[in-house]
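Only the coordinates and a few stated rules stand behind these numbers; no lab work does. Keep in mind that this is a model prediction, so the values were computed, not measured. Every residue, glycine among them, receives a Cβ derived from its backbone with ideal geometry; neighbour counts consider all protein chains shown.
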Amino acid sequence: MASLWRAATTALTQIQTNQTNYNGVEFWLSPERTGWLMKQGEYIKTWRRRWFVLKQGKLFWFKDSIVTRESKPRGVIPVATCLTVKGAEDVLNKQYAFELSTRTDTMYFIADSEKEKEDWINSIGRSIVQHSRSVTDSEIVDYDNKR
């Protein structure tokens, strides 16, 4: 019985550790992009303003813009699962809207300006390419390397 208890508590500790470190991504340090976006809730489809952080192929969102090691993300999207990111003003009939699509889901976001929308689309698009499983290391061209 003691070994069963030890195994169960060890497994629970590992699950909790994996959930809190987000695969080693230190989202509070030097993110690739941050900013406020409106996002629809997953279950209750109301629009909510959230602080988004893009880092190491993951898009995190928080209730507050002050993100520390102790902050708990409200959600995370692994960008490697995404197929496209593009404008969606015509779909939502809302200015500065864009969509992020996976094989099974499409999520909509609204930026504060056209520039913010374009910057988010570019950043997420770049991250999709960098973290896509369909792109191998040999296919990535480094235009800055002068060999």
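For segment 33-142, relative contact order (Cα pairs under 8 Å, six or more residues apart, normalised by length) works out to 23 percent.
The gain in end-to-end length when the E89 to Y22 segment is fully stretched comes to 20.9 nm, 0.36 nm per residue minus the alpha carbon separation. Spin-label model, D105 to W47: label points 7 Å out along the Cα-to-beta-carbon direction sit 2.0 nm apart. Only lysine pairs 8 or more places apart, or on different chains, with alpha-carbon atoms under 19 angstrom apart are counted in segment 43-102, and they number 8. A simple rule links phi to the HN-Hα coupling: the Karplus curve 6.51 cos²θ - 1.76 cosθ + 1.60 with θ = phi - 60°, which for segment 113-127 gives 7, 4, 4, 4, 4, 5, 5, 5, 4, 5, 5, 5, x, 4, 5 Hz, with x for Gly and Pro. Stretched out straight at 0.36 nm per residue, the stretch from V76 to W36 would grow longer than its current Cα-Cα span by 12.9 nm. Cβ-Cβ distance of Q56 and S113, R₀ of 30 Å, FRET efficiency by 1/(1 + (r/R0)^6): the value works out to about 0.70.
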